[in-house]
Amino acid sequence: MTPSKPASPLTYQTSGVDLDAAQAVKSRIADIVSTTHGPEVLAGVGSFGAMYALAGYDEPVLVSSTDGVGTKLKIAAMVDRFETLGEDLVNLCVNDIIVSGAKPLFFLDYIAVGKLNQRVIEDLVGGMARACREAGCALIGGETAQMPGVYNEGELDLAGFVVGAVEKNAIKDFSRIRDGDVLVGIPSNGLHTNGYSLVRHALGLDDDPSPLREHYAELDGTLADALLAPHRSYYRELGPVFSLVKAAAHITGGGLPENMPRVLPEGLAARFDTTAWKLSPVFSVLQEMAEIEPDEMFRVFNMGLGMVLVCDKEAAAEVMSGILDATVVGEVGTAEDERRVILE
């Protein structure tokens, strides 16, 4: 049987992919992206492959990280606010490589959508550009993919990766960590980019997102304001004191129990005094609203600490002097079990 001819000519747009809109978006974001470029960028947006001239290192080691903002996207979509998600994406990746002592060099993103929304794309890329400028990092390229059938209209995904460099002899040697070293905590800016699936499930937000728009005095704003607070960048603050630090742990998914052991030598434990830092109000509100057990809160969320540094006791005061709200939150001790985290 011969298939009937369509009433109008078939085009890519009739299948859900708007090439004209894609080209318009590329033109509009090119100016935004270019504000992050220095002379090291030899080819960026528009080329088949981005090019970056690496210079100024004797024995450079490239350090990379890739991630996405996860289901924080769902919260943003519920209130139609995407301005901070680009910052989230860049900052969480940059924080992952600076714990090795690396300087972020360039960043690339990947945005997948069901249907192109120019305003949303510009908001996302604008946030990335702000974060890249803050970190001295070039937003060197990316991809925006229209994928109708994979994503419904209004749905999207966001991921990216960063590449940095560090001198080989400057890479942190965790074996220098000793019993009695101090743990210095640097506050988070809320949930950052982890735990949103638990939040949505516990509060039933997929069925009724109205609690997001409710104002809470303890949050000094709405629940959405607190949940969409951008992932804090630690690059500028850590730079001047990083030589005094033996190790740094970026506290992301898995919280303190899963992230601190990644920098501990065998036979040592990170012992935290959980009364030593002020818990961000959003965690108290979530725990009360959703009745989540304290142990589960610490397994899922950063619980108010976005970065933990390990240093000698004698260096702690100097380390904290240049970092906003940093405080001693515990110490390193011996452990029968390997690489333990103890919350007291």
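Read-outs throughout are calculated quantities, based only on the coordinates presented, and are distinct from any laboratory measurement. Please read all numbers here as calculations on a predicted model, not as lab measurements.
Points to keep in mind about this one:
- Measuring nothing but alpha carbons in the chain and taking Rh as the Kirkwood radius, the Rg to Rh ratio lands at 1.02.
- Membrane-span-like helices in the chain (whole DSSP H runs, Cα extent of at least 15 Å along the helix axis, mean Kyte-Doolittle hydropathy of at least -1.0): 19-34, 85-98, 118-135.
- Whole-number D in µm² s⁻¹ for region 230-344, Kirkwood Cα-pair radius fed into Stokes-Einstein, 10 °C, 1.306 mPa s: 106 µm²/s
- Stokes-Einstein D (µm²/s) once Rh is taken as the Kirkwood radius of region 278-333 over alpha-carbon pairs, at 37 °C in 0.692 mPa s: 248 µm²/s
- Ratio of the Cα radius of gyration of region 13-170 to 2.2 N^0.38 Å, where N counts its residues: 1.07
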